[in-house]
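Down below is the structure, laid out as structure tokens.
The values are calculated or read from the model by the stated rules, or taken from the named source; none is laboratory data. Being a predicted model, the structure only gives us computed values, none of them experimental. Here the Cβ positions follow ideal geometry from the backbone for every residue, glycine too, while neighbour counts run over all protein chains shown. Just the protein is used for accessible areas: all its heavy atoms, side chains included, with ligands, DNA and RNA removed. Shrake-Rupley method; radii C 1.70, N 1.55, O 1.52, S 1.80 Å.
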Amino acid sequence: MFGNPILKAWLDIYSKQNELECDNSIDIERRYIDYIYFSQIQPDRLDRDFDLLNQICDEVPEEMGLIGIAITMNGQLLSTRTDIDDILQKDSQGKFEVYILAFKENLSADELIREVYHKRNDRYNFSEIIRYFQTQKIVARWEGLPNINIIFVAEEKAEAQRIKDKEYTISIQQINEEKLYAIAKANRNEYPTTLKYQDSIEFGKLKDAGQVYVVLCGADSLVSILTNEDGLIRTNIFDDNVRDYQGDTDVNQEMEATLSDNPVNFVLFNNGITIVCDKLESKNRELIIKNPQVVNGCQTCNSLYRVKRKGKDLSQVQVIVKVIEATKPEVTQGIVKGTNRQNIVYEEAFETIRRYHKELEDFFNIMQMENFCKVYYERRSKQYARDNTIKPYQKVSFRVLIQSMVAMYMNHVETSHRHESKLISDYKDKLFVEGQSYYPYYVAALLASNLEYIMKQDRSLNDMKPYKMHLLFLIQELSMGPSPDINDKNRIEEYCKKLLKALSSTEYRTVVLRAASRFRQIMGEWVAAKGSDYRYAIKDNPEFKDFMLKKLRGSIVAEANSDVYTGRVMTVTTDKQGNLFGFIAHKPENVYFNELDNPDMNISYEGKMVSYRLTGKSGKIRGINVRIL
């Protein structure tokens, strides 16, 4: 157990918040060490993705005395092999890191690498991910060799070692309790830092904000506040940035080339960065910044860091930095939105700051169902971090919400586990659309959150952990049958209210166990019909989804919801015969529709948001069932 009283107190708080008091104390400590260490790699991820933390901590060979195993690609923690495909749709290359956290007195680094990286054990998810990123099609897109990080937890701290192998590079590090405390403190973003500058413009105090400075500083000074004592970049300093580092894009490559070849002119070519903070003081050409957040300039910061790590001289590089003392959350949000309007920012990066999500959050806050834990929509990172009355399992992230919606209302449970960036791209015109009812979103969040809580307490459901989205689908299907189109506001609200009433009248655990039993039965029939090799091809298999539908409904019902789109009508006019026709905004091509297919259509459709389906063949696609939302 920890000796540091503050670390021990934080462990106790973590244990109580996650209701781990009944678990083995060694397991709780292992889990907390994993939480501390891996949260510095991708802040807030483990607060939102409980399954991933369980996977890191629990899906390890017990006899090896490991603390945890995690794999990242381009700085993002991977939960399944499909995460690799989703990330590679946006990034041209992938940089893989394998992290093995272990106690010093157990196996050596060579033994750990042999057991974890080279051996293949289908029991463990990390083995499947490692095996997949070593396939030829993924290797072709590697950004350099994978790096295997061995982190030993011991009484003493030691300098890191780096070893190069023909297949990978190896980093061996030894950390102690003092180092864990430093990481935990940095993760909480509770630290002051000092930025030295050469020249400045002071704006004084502004309305709804504190002091504001625009300074010209050396790149070395800026890098010093971006990195920790190990020289690693403080990932959590970008928590409020709308996008992560984008990797070797043309823009970033050009930026690094300027830093290397023409450092004096970097300040002329770069827009600089924007930092918001809780408190700001200026003294002797130094800004003392408490709890800094880089809200614009993530690419600049990472490019500076990468060039510095390569040993390049940054002494001639200057950067313009705007530092704002933000006293209200809405000020920070406004700054984030206002300083990230470049075309290269993906539109979906702004998704959760749209009005619909704010209103959805308010709707969640006023809702409470009998026999269910209350849920909160945590649409912004660490939004409820300081409210100790809200348990982690009560917080529903955008990731969980969109995955649950795809499983329950889009009829695509087989893809619902995909990365949220992939899902928002695929369902951008179908989910979170103005005019849609909040009820299905609330139902999806409520059932997902409470399912998480029940599965955490009931070990008999451990075999169901990979199939949570299937269970959500089954819970709804067994209780109410197929849902109506979510764009039919009256029908979907009536459906959701009846479902909530039915579920609140009984113990939810009983409903969950019934759904799990039915799923196991269907899975058994699937394996009997297809063969034992198909036992492991279930979660993301559309054929199994159809098999499940047939068992539940008697036949494979047409997927009425999966092809419903939404968009704004651009124009409505008449043809030579006086028949109405128009176009709906849609990518890659606008959708043609007419009154022959849509008898209720009239001139008032112009400018309105509508839902619609598509029919016809390529080149002759048109809209049908067009309805005003």
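Out of Y565, Y605, Y592, I need the residue that is over 34 Å from the mean Cα position of the chain (by Cα) and open to solvent by 50 Å² or more (accessible area, probe 1.4 Å). Which one?
Y592
Scanning the stretch 45-59 for residues that are touching a residue at least 12 places away in the same chain (Cβ under 8 Å) and either assigned to a strand (DSSP E or B) or open to solvent by 10 Å² or more (accessible area, probe 1.4 Å) (or both) turns up D47, R48, D49, F50, D51, N54, Q55, E59.
Filtering the stretch 145-154 for residues that are closer than 22 Å to G75 by Cβ, open to solvent by 20 Å² or more (accessible area, probe 1.4 Å) and part of a loop (DSSP other than H, G, I, E, B) leaves a non-empty set. In the stretch 27-41, the qualifying residues are those that are open to solvent by less than 20 Å² (accessible area, probe 1.4 Å) and not β-branched (V, I, T), and the one that is nearest to A9 (Cα to Cα) is Y32. Looking at I129, I138, can you tell me which residue is at pLDDT 90 or above, at negative phi and touching a strand residue (DSSP E or B) at 6+ places or on another chain (Cβ under 6 Å)? After ruling out the rest, the residue left standing is I129.
Looking across the stretch 13-26, the residues that are assigned to a loop (DSSP other than H, G, I, E, B) and surrounded by fewer than 19 Cβ atoms within 10 Å (Cβ to Cβ) come down to E19, L20, E21, C22, D23, N24.
Quick check on my filter: what residues within the stretch 504-527 are in a helix (DSSP H, G or I) and in contact (Cβ under 8 Å) with a residue 60 or more places away in the chain?
Passing the criteria: S504, Y508, V512.
Okay, residues lined up against (1) at pLDDT below 90; (2) surrounded by 15 or more Cβ atoms within 10 Å (Cβ to Cβ); (3) within 24 Å of the chain's Cα centre (by Cα):
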position	(1), (2), (3)
E281	yes, no, no
L287	no, yes, no
K290	yes, yes, no
V295	yes, yes, yes
T300	yes, yes, yes
S303	yes, yes, yes
K308	yes, yes, no
D313	yes, no, no
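Based on this model, can you work out whether D91 counts as open to solvent by 20 Å² or more (accessible area, probe 1.4 Å), assigned to a loop (DSSP other than H, G, I, E, B), among the acidic types (D, E) and under 25 Å from R48 (Cβ atoms)? Against the criterion (open to solvent by 20 Å² or more (accessible area, probe 1.4 Å), assigned to a loop (DSSP other than H, G, I, E, B), among the acidic types (D, E) and under 25 Å from R48 (Cβ atoms)), D91 qualifies. You will find that of M523, M548, M480, the residue that is open to solvent by less than 10 Å² (accessible area, probe 1.4 Å), over 27 Å from the mean Cα position of the chain (by Cα) and more than 24 Å from D58 (Cα to Cα) is M548 and no other. Taking residues in the stretch 201-224 that are acidic (D, E), and partners anywhere that are at pLDDT below 75, the pairs with Cβ atoms closer than 9 Å and at least 6 places apart or on different chains are D208/T327; D208/K328; D208/E330; D208/V331; D208/G334. Can Q253 be described as at pLDDT below 85 and surrounded by fewer than 15 Cβ atoms within 10 Å (Cβ to Cβ)? Yes; evaluated as a whole, the condition is true for this residue.
Listed here are the strands (runs of 3 or more DSSP E) enclosed by the stretch 247-323 that have at least 3 residues being within 18 Å of N228 (Cα to Cα): 286-290.
Got at least one residue in the stretch 130-142 being of a type outside the set (G, A, S) and either assigned to a strand (DSSP E or B) or touching a His at 6+ places or on another chain (Cβ under 6 Å) (or both)? Yes, the stretch 130-142 has at least one match. Considering every residue within the stretch 469-480, establish whether at least one is over 18 Å from V375 (Cα atoms), touching a residue at least 12 places away in the same chain (Cβ under 8 Å) and of a type in the set (D, E). Checked against the condition, which is being over 18 Å from V375 (Cα atoms), touching a residue at least 12 places away in the same chain (Cβ under 8 Å) and of a type in the set (D, E), the stretch 469-480 yields at least one hit. If you check Y99 against the conditions, is it in contact (Cβ under 8 Å) with a residue 40 or more places away in the chain, hydroxyl-bearing (S, T, Y) and open to solvent by 20 Å² or more (accessible area, probe 1.4 Å)? Here the answer is yes, as Y99 does meet what is asked.
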